[in-house]
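In what follows, a structure is listed as structure tokens, so that the remarks can point back to it.
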Amino acid sequence: MNTKKLNLLSLSCALSCALFSLTLLSFNADISLVAFPLAIAFSAFLAYFSHKKLFSEGKLFFIAVVRELLQYLPYVLLVAFVFRRAGKNGTPFVLDLISVFLWLIASALAVFILHYLNPKHIAKVSKEWASFVENRIKERKNPKNRSLLKSGFRELFSWIDALVQAVFMVLLLNIFIVQLYEIPSESMVPEFLIRDRVVVFKTLSGPKFPLSDVGLPYLKKYKRGDIVVFRNPHYSNDRKSEVRTFLSQLVYMCTLTKVNLNVDENGNQKADPLVKRVCGEGGEQLMMQDGILYARTKASPEFKKVDADSTWATWNLNAVKPSLKKEIRDFPLGESDYLEMLSIEEERRNLNIEETKSECQKIAADFDSIYKKIPKAQNAETEEFSLKASQMTVYFLIANGSSLAYNLLYSKNGSEYFTDFMTKWSENMPDFNGDLYSEANYRLNLMIKKVVGRLFVRYAEIFSKGGTNPSSDFTNDEKISECFSAAQRLYFYTAILDQRNMPVFPSNAADGSARYIPENCYFMMGDNRFNSLDMRHSYDRWNAPLTKYDDYSITYLSDIDPQYVSRSRMLGGTSYRFWPVSRAGIPGHTGK
């Protein structure tokens, strides 16, 4: 290598930067306008200091300047690349591809030139250059030539320079090769605890240049049981949010992880990315009932238990090994609550539908008998009774049972409404056709109705007796106390319903035919099923009926809204846990 060849390489590098700059031209009045001036100015500086000052004029002082410019070249061009795509309008894939290709050429030439500008290798270019560099180093080390101010300034500049370059180097490594993550929540307990640190290799997962679809090919196919890091699909995936994510990551590293700007529109810290386990794959339809995951495919149309899921799904944290249990901060269910949950599920499975139908008819008849004893004049003067969906919850019906029962007794349609509430469901008995989730919620709806019906009848009996202080009679009534206890158990279960169970997903088509998770898409859940806001759930809540097969269904506060995640959102698998040292190793089933 000689100076003539090195000059030719530097000109080629500057030309590549200039051509790259042309791909960044924008005519939109937004931040994308910054991209072209930034890149073309850098190209001009590089050409000026390398070709004119260093090679043409032979001013060897500029060796250090050129070396500095070449070190920053990949990072400056990458920032310009992001600025161009941060505006209102994106860029076509072909233009992204050309930009990335030119970025790779310019960066490769910069690395090649830097090799020869390194003090260790500069003698291969010119002995004169090598001698100049050695003399410069000796001058700096000579105490006679050092002043406190100059030394301090030089030291400060070198630290800042090293920090900035390190940040951008880590950024490139994070995008394309490997990234370290700290576990922020207990959604993966007992596999991961809060503040566990894991290594995620990205190269095989098709990492892309920021704000583009250009990058490495997808070489990794995930399978059930893999623990993965992925972008949270609950958040917007538009260009604006992606720019914010990129810049927040840059600031996060520049401030040594002290400042995290990755917040949502309300200023709350984003749960992004997420760490969960792959529980469903492309070509499958899923369902979860009583904590058991079921799956079916086109080739196997019957729902079957996914036995592997039970090896990592954790429902009772009280049963984990003591060494991990003492590190867990939140226990969603105590041991007694867990056993109570199992008891309710067993009771629901054993519910006799025909006997329940007869009991509900009797409850309706008992209320009607009391209703007919109420003077008709009073009935005629009151409005018709009805309840909104938000008033059909277990809590509302039980907490307001006495006033609701009173209103029913003194409403025009009180007995009719109550009879429909108790018996309308029995007019058309559904065929669930293997849908365990729908059948279970149908049965749970009936269990709640029996308790509410008994309570309302008892209130009506006390009202019909015309006591002077009915509130006192309610407090001391044994039947009412029994109904309250039964309702409390069922209210507890509806509160955890969406953590314990999941409807058929993807839902069937309108004609009843099965739909499946698309290829190259995955469904993820946290191992700690009662404390994981994962792909089962929405970040919003609403009143939902327990069953569609009852016009007067009990409702509950739901957040169930399953969704799958495309592989384009997958960042990589958790390859190794390196902290704490006591639990270092390859993640899998180390929690159990």
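Laid out as a table, the results:
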item: Residues located in the stretch 1-55, provided they are in contact with a Gly (Cβ under 7 Å, 6 or more places away or on another chain) and of a type in the set (D, E, K, R); result: ASP30
item: Residue match in the stretch 60-75 (condition: touching a Lys or Arg at 6+ places or on another chain (Cβ under 6 Å) and either in contact (Cβ under 8 Å) with a residue 12 or more places away in the chain or surrounded by 21 or more Cβ atoms within 10 Å (Cβ to Cβ) (or both)); result: yes
item: Qualifying residue in the stretch 276-289 (condition: at pLDDT below 95, open to solvent by 20 Å² or more (accessible area, probe 1.4 Å) and either of a type outside the set (A, V, I, L, M) or over 27 Å from the mean Cα position of the chain (by Cα) (or both)); result: no
item: Which listed residue is out of contact with any Pro (no Cβ under 7 Å at 6 or more places or on another chain), in contact (Cβ under 8 Å) with a residue 24 or more places away in the chain and of a type in the set (A, V, I, L, M, F, W, C), from VAL229, VAL214; result: VAL214
item: Residue match in the stretch 11-19 (condition: under 23 Å from ALA130 (Cα atoms) and either surrounded by 19 or more Cβ atoms within 10 Å (Cβ to Cβ) or in contact (Cβ under 8 Å) with a residue 12 or more places away in the chain (or both)); result: yes
item: Qualifying residue in the stretch 412-427 (condition: touching a Cys at 6+ places or on another chain (Cβ under 6 Å), at pLDDT 95 or above, closer than 19 Å to CYS360 by Cβ and open to solvent by less than 30 Å² (accessible area, probe 1.4 Å)); result: yes
item: Filter result (charged (D, E, K, R) and in contact with a Lys or Arg (Cβ under 8 Å, 6 or more places away or on another chain)) within the stretch 483-510; result: ASP498, ARG500
item: Enumeration of residues in the stretch 179-189 that are of a type in the set (A, V, I, L, M, F, W, C) and open to solvent by 40 Å² or more (accessible area, probe 1.4 Å); result: LEU180
item: Residue in the stretch 241-262 that is of a type outside the set (Gly, Ala, Ser), under 20 Å from PHE578 (Cβ atoms), under 15 Å from the mean Cα position of the chain (by Cα) and open to solvent by 50 Å² or more (accessible area, probe 1.4 Å) present; result: no
item: Residue within the stretch 333-340 that is open to solvent by 70 Å² or more (accessible area, probe 1.4 Å) and not aliphatic (A, V, I, L, M) present; result: yes
item: Residues within the stretch 547-568 that are under 14 Å from ASN501 (Cβ atoms) and open to solvent by 10 Å² or more (accessible area, probe 1.4 Å), tallied; result: 5
item: Candidates GLU345, GLU383, GLU354, GLU327 - the one that is in contact (Cβ under 8 Å) with a residue 12 or more places away in the chain and either β-branched (Val, Ile, Thr) or part of a helix (DSSP H, G or I) (or both); result: GLU345
item: Residues of the stretch 22-42 satisfying the condition of being in a loop (DSSP other than H, G, I, E, B) and without any contact (Cβ under 8 Å) to a residue 12 or more places away in the chain; result: LEU25, PHE27, ALA29
item: Test set (1) among the polar types (S, T, N, Q); (2) at pLDDT 95 or above; (3) open to solvent by less than 20 Å² (accessible area, probe 1.4 Å); (4) within 19 Å of the chain's Cα centre (by Cα) - THR574 fails condition number; result: (2)
item: Residues located in the stretch 43-59, provided they are open to solvent by 20 Å² or more (accessible area, probe 1.4 Å) and part of a helix (DSSP H, G or I); result: ALA44, PHE45, ALA47, TYR48, PHE49, HIS51, LYS52, LYS53, PHE55, SER56
item: Evaluation of ILE560 against (1) at pLDDT 95 or above; (2) more than 20 Å from the chain's Cα centre (by Cα) (one fails), failing number; result: (2)
item: Hits in the stretch 83-101 (condition: surrounded by 20 or more Cβ atoms within 10 Å (Cβ to Cβ) and either of a type in the set (A, V, I, L, M) or in contact with a strand residue (DSSP E or B) (Cβ under 6 Å, 6 or more places away or on another chain) (or both)); result: ALA86
item: Contacts under 8 angstrom Cβ, first residue in the stretch 257-284 being among the polar types (S, T, N, Q), partner assigned to a loop (DSSP other than H, G, I, E, B), 6 or more apart; result: ASN262/LYS270; ASN262/ASP272; GLN269/ASN260; GLN269/ASN262
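The values are calculated or read from the model by the stated rules, or taken from the named source; none is laboratory data. The structure presented is a predicted model; accordingly, all values stated were derived computationally and were not measured. Every residue, glycine as well, gets a Cβ built from its backbone with ideal geometry; the counts of neighbours run over all protein chains shown. Remember, those area values only see protein heavy atoms, side chains included, never the ligands or the DNA or RNA. Shrake-Rupley method; radii C 1.70, N 1.55, O 1.52, S 1.80 Å.
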